[in-house]
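Below is one structure, written out as structure tokens; comments come after it.
The values are calculated or read from the model by the stated rules, or taken from the named source; none is laboratory data. What you are looking at is a predicted structure, and each value in this text was computed from that prediction instead of being measured. All Cβ positions, glycine included, derive from the backbone under ideal geometry; neighbour counts span all protein chains shown. In case anyone asks, the SASA skips ligands and DNA or RNA and just uses the protein heavy atoms, side chains included. Shrake-Rupley method; radii C 1.70, N 1.55, O 1.52, S 1.80 Å.
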Amino acid sequence: MDLDAVADELYALAPGVFTAARDERAQAARAAGDRELAEQIRRLRRPTLSAWASNLLVRDQPDEAQRLVHLGEMLRRAHQDLDGEQLRELSAQQHQVTRALARQAGQLTARAGQPISDDTRQEVQDTLHAVLADPDAARQWAKGRLTKPLSAPAGFPTLSRQPAPPVTARRTAPADEAADRGCGVRTLPQAARRAP
């Protein structure tokens, strides 16, 4: 048992069962004699509904998640380069893409037995805007372990920071079922797939 494996397992769970599962894992680590790991597990925070929905999206749709991260990199580069034409094209797409992915996150949570409200879906969409605007937010989101929604900063930062790492696939059972039923968006618009 290690912290990453436990965190991956816990953040795939619905918020309503997170705390009990976390406490069980912490007790198991303590019983195995690893008090430090038990304490690290105990400090893991339960996600809000919108954070959980965002985590499901990353885990169920890693390719789409990586394309969103790439779209954010392109948007920030266009902003830095003052490339008005590309910035207009990509900016128009970002609203369409984030709405579609937020809708898909709602479908995933419903299939997992926990429908979310329109307000919660809007928090997911706000998180996706933060992913586009901020490479640090993109890195945090790509781990699939959010505990609360992210907020986009005003404007775009420069590209002096490292780009976000690739999103790794971490499928959960409810999300697999949703993917098997073909729900949601599978591809981002063409401009998001072009190399910068």
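Carbon and sulfur: what percent of segment 21-156's accessible surface (1.4 Å probe)? Walk me through the numbers on the way to the answer.
On the way: 2690 of 6270 Å².
Carbon and sulfur: 43 percent of the exposed surface of segment 21-156.
Counting other C-beta atoms within 10 Å, and keeping those with at most 16, which DSSP coil trypsin sites (Lys or Arg not before Pro) do you find in segment 1-98?
Details: sites: Arg22, Arg25, Arg30, Arg35, Arg42, Arg43, Arg45, Arg59, Arg67, Arg76, Arg77, Arg88; in loops: Arg43, Arg45.
Passing sites in segment 1-98 are Arg43, Arg45.
Accessible area per residue for segment 38-158 in Å², computed with a 1.4 Å probe and the full protein assembly in place, what is it? Display every interim value, and only then the final one.
On the way: 5210 Å² over 121 residues.
Each residue of segment 38-158 exposes 43 Å² on average to a 1.4 Å probe.
What does the C-alpha gyration tensor say about the overall shape of segment 45-150? Classify as rounded when a/c is under 1.5, otherwise prolate if a/b is larger than b/c, or oblate.
Values: a/c = 2.30, a/b = 1.84, b/c = 1.25.
Prolate shape, in that a/c is at least 1.5 and a/b is the bigger ratio.
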